[in-house]
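The values are calculated or read from the model by the stated rules, or taken from the named source; none is laboratory data. Quick caveat, the model's predicted, so the values are computed rather than measured. Because the Cβ atoms are built from the backbone with ideal geometry, glycine has one as well, and the counts that use them run over all protein chains shown. SASA here: full protein model, heavy atoms, side chains in, ligands and nucleic acids out. Shrake-Rupley method; radii C 1.70, N 1.55, O 1.52, S 1.80 Å.
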Amino acid sequence: MAPLEIVLTFAVVALAVLVIAGGALVMRVLRRLDAGAAAPTATTAGRSEADERARQRADDAIRQAEKARRTADDALTETAAAKAEAAAARTEAAAARTEAQRILAAARTEADGLLERAHKQADHDAEQARVAARRAGEREVASLTAVAREQAADAERRQRRLDERERLLADEAERLAERDRRSTAHDVDLADRESALVVREAELATAEDTYKRELERIGGLSVESARTELIDSIEGQAKRDAAILVRDIEHDARATAEQRARHIVVDAIQRVASEQTAESVVSVLHLPTDEMKGRIIGREGRNIRAFESVTGVNLIIDDTPEAVLLSCFDPVRREVGRLTLEKLVLDGRIHPHRIEEVYEGARHEVERMCDRAAEEALVEVGITDMNPELMTHLGRLRYRTSYGQNVLKHLVETAHIAGIMAAELRLDPQLIKRCAFLHDIGKALTHEVEGSHALIGADLARKYGEADEVVHAIEAHHNEVAPQTLEAVLTQASDACSGGRPGARRESLEAYVKRLERIEEIASAKQGVEKVFAMQAGREIRVMVRPDDVDDIGASVLARDVAKQIEEELTYPGQIRVTVVRESRSSEVAR
């Protein structure tokens, strides 16, 4: 029996007992009431109150009994429902047990079938494995048999070769023995001949001594003196012939090389004849009226002080009508200051706070202009891949000048010239263009980093992943590092062509005069020099030598020495030609 059924049974029994006890109590109260009715009337009045209370208790007991009965009925109903549910559950359990037994029987049947099929499959696989093993064993036996046969045949061949070698060795031993016998006879013959040669040599030595003594007596010179005199004569003649040969070879090579190089350079310069505008460190801004100067200065000069403090550009206001000057060594800062002042003049509102606002806008505008200039230069040269940081530095070169020549335009022109030279020489134009285009990238940082712009540019290119050939060409274009590649040499040549083009660059008068004086001093210090003339704005120097002190070969050596010393000591755009003039004059007076 289920625990729920037990609990319900106990509840029903308890309710039944409670109902029976209530009924007994009611019967007892009724009997007392009947007994009280038969008593004398004298006692009725005294007991009426007690009877009333008894009736109330009887009514309460009846109500409790009725309530207990209803509770018992409900308990009986719930007990019946519980029994019905228990019966249904037992029925379902019996059905489930039956289904489980059926499924178990089916599973056992299926397992028996699977086991039987597995046994059959295992027997079949074992049989196949035995057949395969038997076949593999047969193949292995056949293979071993074949190997054994091959080894036996190989051993037989080796034995035949050994027999043949033994026979050859025996024949060789016989030949060696015969040769030994012949050699012994030959040695005896050589010994006889050697004895005869010793006697002959002694005779020849005696005759040679006699001949030398006779020659010394006739010529009046010893052997050593004659040898020294002959060697000196031959050495002098050989040196002169060698010098003449070297001069002729150098002359032919120089003529051919100059003609070819001149053709390449002239063709490159003609094809890249870009315009050049000289720039200075001062920018001029034109004003609408002279009254604007007072507004730029401001009350007690506060506007001009704020402008110079914010932009870092010196503002020069003088008597020049309707114009002011902006001076700064940094061209980018000077351009930012010029744009700032131009916008302030157009706006009309000039005060310290407004100056700061306009300066920020002008600075961003100049940065955009630098980026656009770098992109246009790359497109013009034909270079597509470039690190963005390198492009930023290239854009700043738009406002950088060298001897008055714009550096970014110089890079573009140099790249075109280098590309044309590379095409003429059948080299890689793109690589050489890249070398020439980046050779002055270090000038964007010369005011921020100490050192030569060539080495700074090489470090910058190496930092941003440029090729080794490009880095070497950058660091070697001013000979800080000896050029080792064709790219470096062509970069030097194209740089010299662009910088040395007439009108491309300018320099101060003082530096120009000092350079000419130093060139003349270098040439005048050489031995045998009579006069020195610097011509063509210092691009050619003519050295007049004394013909008695310097011969033709010495003139060539002198020209080479002067050119080398100028290269080592001076810095100059383009190239300097050294010409040595040796002139011999003979005059007589007819009387």
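Excluding ligands, DNA and RNA, the accessible surface per residue across region 313-380 is 52 Å² with a 1.4 Å probe.
Legend: calculated FRET efficiency, residue 117 to residue 138, from the Cβ-Cβ distance at R0 = 41 Å, rounded to 0.05, equals 0.85. Here the label points at residue 569 and residue 364, each 7 Å from Cα along the C-beta direction, are separated by 5.6 nm in the simple model.
Between residue 169 and residue 542, the distance separating the two model label sites (each 7 Å from Cα on the Cα→Cβ line) works out to 9.1 nm.
Considering only Cα-Cα distances, which of the following residue pairs are longer than 20 Å: 239/526; 409/433; 212/239; 409/463? Checking Cα-Cα distances, 239/526; 212/239; 409/463 exceed 20 Å.
Which GluC sites (Glu not before Pro) in region 282-324 sit in a loop by DSSP (not H, G, I, E or B) and have at most 13 other Cβ atoms within 10 Å of their own Cβ? Sparse-neighbourhood loop GluC sites (Glu not before Pro): 322.
Here the simple spin-label model places points 7 Å from the Cα toward Cβ, and for residue 21 and residue 69 these points are separated by 1.9 nm. Protein heavy-atom surface of region 534-591, 1.4 angstrom probe: 42% of the accessible area is carbon and sulfur, with nucleic acids and ligands not counted. A Förster radius of 30 Å, combined with the Cβ-Cβ distance separating residue 146 from residue 126, puts the computed FRET efficiency at roughly 0.50.
Under 19 Å of direct C-alpha separation, and excluding same-chain neighbours fewer than eight residues apart, residue 293 reaches these lysines: 343.
You can think of it this way: the chain between residue 478 and residue 97 has 126.7 nm of extra reach, that is 0.36 nm per residue less the Cα-Cα gap.
Note on residue 290/residue 327: beta-carbon distance plugged into 1/(1 + (r/R0)^6) with R0 of 25 Å gives a FRET efficiency of 0.80. For the pair residue 62 and residue 177, the difference between a 0.36 nm per residue extended length and the Cα-Cα distance amounts to 25.5 nm.
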